[in-house]
Structures are given as structure tokens and as C-alpha cells.
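The values are calculated or read from the model by the stated rules, or taken from the named source; none is laboratory data. Since this is a predicted model, take the numbers as computed values, not measurements. FYI the Cβ positions are ideal-geometry reconstructions off the backbone, even for glycines, and counts take in every protein chain you see.
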């Protein structure tokens, strides 16, 4: 499933619109500690977090993640979105909690596991 | 051999990770595989953030691209680490509140450098500084999927 399909299905707001949404999403990681994300998130996974500062863009970039989903209504500022666009890292936003997001993403990506 | 050197300013959280992302881009431009560049990028990121969060005056991240390996040297002039074994223990952190609020200080920085390296060493003296060196053997593997750094 592509990030565009996931974004449409789960009704996310694409904050850095037009940036890399055609990428395949093969899994997900959920957490707000940056080094844990670097240690555990795998390339191509979507990262659910409430951290919305510029450093998360760098983490997603060096870890090769598919994108960042901001949970609980968290929103990135304009300068963070600009940095994400430059890095080619999509930032999506949702009012869902991280728990709900993780469940919905897992259900969408791995329907056979339900 | 190709060498990149990045100067990192202490407390420059706004630009945290920029040097590492650039290092990763430079590595890819020099023909380093996605998987090798990912390991090097993560090690560089943790070193870069340590310089920003913990040092008195920042420091440098120096990267050598050799035919068989990528070597990274992260160096600063203080304050130094009192107990290196403790600093290498996953989960141990002395990060200040402003950093933990941003999701830093998980106590995984040095362990992340170690686990992404094939060889690692650290020397530190209180009042003098810290020197971290690591070597990432080039496996020439691709990261499994997305490679935004290329």
C-alpha cells in the first residue's frame, strides 16, 4: 500500500503535500523517543509520533522512513514542513491518538493478521 | 579516500540532524550503498546530537570514505564523560529537561553508534573532552526500501 492510499484511507491531512506520497509503506513504528525510533524503525516504515520539531525530519531521513504521522492533533510548523519538503519526507497529521493510529495502520497494512 | 568534516555548534537544536542528513547524501553521492549510508547516517546523527546536547562548545563530525569502510570521528573539547561504562548503558542519560522534552535523552545515543558500527572506541577525560571513533564496513547492501537520502 502506498502512503497516498493510506493517507486517503485514514483521512490524514498531508501537511507537506506533494512530497513522496507515492512511496510504499511496509510497516510502522510508534514512539516519541528519537533514538528509539532510530534503533527500531525500519526503512520504509511510517513513524507515528507527537514530536513535531525539525529533528524528527532528520531522524526519518537518516533512517529511510516512508514518512511521519503526527498523532493527537499535533501539527508541524511552517519551517518544519519546509525542511520536510526539502528532505522529501512526507508529514501527515491526524487527530487520532497514537494508539488508535497504530491499530488503524496495522489493520490497513496487514489485513490478513486481523 | 574522501573526507567530510562538519562543525557542530553546541545547543544548535534547530539544525540538529542537518549535518548527518548531508553526510548521508554525500556518502550516497560517492557511491556508498543505501544500507551502508543508513548505518553511517544513524551513527553520525547520534554523534551530532551528543555534540549539540552535551558539549560546552560543540565539536566536529569527520567522515572518511574508504574503499572497504566508512570511518567516523566525533570529537569535542568538553566537558567529558565521568563514567564511560555507565554512558554506554542503554537507557542511561544525563540529558537536560529541554532535550528530553524533544524526545532526546533516551540513553540510546552511544549504544546506537555501537550497534550500527563494526568497530567502536571511546576515550573521554573530564574537563578535556570526548573522542568517539567508529568504523562501518562497507557491505554494499541496499536498505530494504525507501531511500530518501539518495
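Looking at the stretch A:53-60, can you tell me whether even one residue there is within 19 Å of residue B:103 (Cβ to Cβ), away from chain B (no Cβ under 12 Å), surrounded by 21 or more Cβ atoms within 10 Å (Cβ to Cβ) and under 11 Å from the mean Cα position of the chain (by Cα)? No: the stretch A:53-60 contains no residue that is within 19 Å of residue B:103 (Cβ to Cβ), away from chain B (no Cβ under 12 Å), surrounded by 21 or more Cβ atoms within 10 Å (Cβ to Cβ) and under 11 Å from the mean Cα position of the chain (by Cα).
Evaluating residue B:104 against the criteria (1) over 26 Å from residue B:28 (Cα atoms); (2) free of Cβ contacts under 8 Å to residues at least 40 places away in the same chain; (3) within 10 Å of chain A (Cβ to nearest Cβ) leaves one unmet condition, (2).
Criterion first (crowded, with 17+ Cβ neighbours inside 10 Å and touching a helix residue (DSSP H, G or I) at 6+ places or on another chain (Cβ under 6 Å)) does residue A:102 satisfy it? No, not satisfied. Scanning the stretch B:109-121 for residues that are touching a residue at least 40 places away in the same chain (Cβ under 8 Å), within 13 Å of the chain's Cα centre (by Cα) and not in a helix (DSSP H, G or I) turns up B:116, B:117. So which residues in the stretch A:13-22 are at negative phi and within 12 Å of the chain's Cα centre (by Cα)? Listed by number, the residues that qualify are A:13, A:14, A:15, A:16, A:21. A residue that is part of a strand (DSSP E or B), within 14 Å of chain A (Cβ to nearest Cβ) and either in contact with a helix residue (DSSP H, G or I) (Cβ under 7 Å, 6 or more places away or on another chain) or at pLDDT below 95 (or both) occurs somewhere in the stretch B:130-138. Scanning the stretch A:1-14 for residues that are touching a strand residue (DSSP E or B) at 6+ places or on another chain (Cβ under 9 Å), within 15 Å of residue A:96 (Cα to Cα) and in a loop (DSSP other than H, G, I, E, B) gives A:10, A:12.
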